[in-house]
Amino acid sequence: MQLIVFTMRIYLNLILCLLVTSCNYFNFTKEDKNDIIQNRLKEIKKNGLEHYPQLFPCDELTAKTCFETQLGNELKKGLKEIPESILIKAKDTLWMSININNKGELTLKKIAHTTNKEIEDNIKETLAYISPIKPAIIRGTAVNCSFKIPLVLKISN
């Protein structure tokens, strides 16, 4: 009889210990929705774009290099209209900040290192006539994206 009571006490103590220590498994912490949003945004920024913006002749496989090449070619065409005397006075590299919104509209935010209004107006006009752009995509959704692009000014003979 004593053995049964002793065994029962051991089992009860063991069950009691398990219940006391396992209560931590039922403590749920509620995450703040702002923390969740911030973590997701960091993850998206870290992973980058799923699909780069696309200009008309580009396909999804070569979108990044094609976009850069097409944009460069369009800007070269536009800058050929500026007289050499103005280009000589400009710095050799201009940094353009452009934005492509989720509708595919390209806008020039600013050009660093230029004080020449004619160059800036020419670049704005050139960018306004670039062929339609498919916007960048992250997780199946069209998103706004910004780029900082160097524009090297050279006078070719």
The relative contact order of the stretch 48-152, taking Cα pairs under 8 Å that sit 6 or more residues apart, comes to a percentage of 37
Sorted on mean Cβ neighbours within 10 Å (highest first), peptides 137-145, 49-57, 30-38 come out as 49-57, 137-145, 30-38
Place a point 7 Å from the Cα of VAL152 in the direction of its beta carbon; the residues of the stretch 56-76 whose amide N falls under 15 Å from it are 69, 72-73, 76
Pairs over 26 Å Cα to Cα, from LYS80/LYS103; LYS33/LYS109; LYS77/LYS134; LYS33/LYS110; LYS109/LYS134, come to LYS80/LYS103; LYS33/LYS109; LYS33/LYS110
Fewest to most Cβ atoms within 10 Å: LEU75, LEU41 sort as LEU41, LEU75
The alpha-carbon center of the stretch 56-75 and that of the stretch 100-146 are separated, in whole Å, by 14
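Only the coordinates and a few stated rules stand behind these numbers; no lab work does. Please read these numbers as outputs of a predicted model, since none were measured by experiment. A quick note on method: Cβ atoms are made from the backbone with ideal geometry, for glycine too, and the neighbour counts reach across all protein chains shown.
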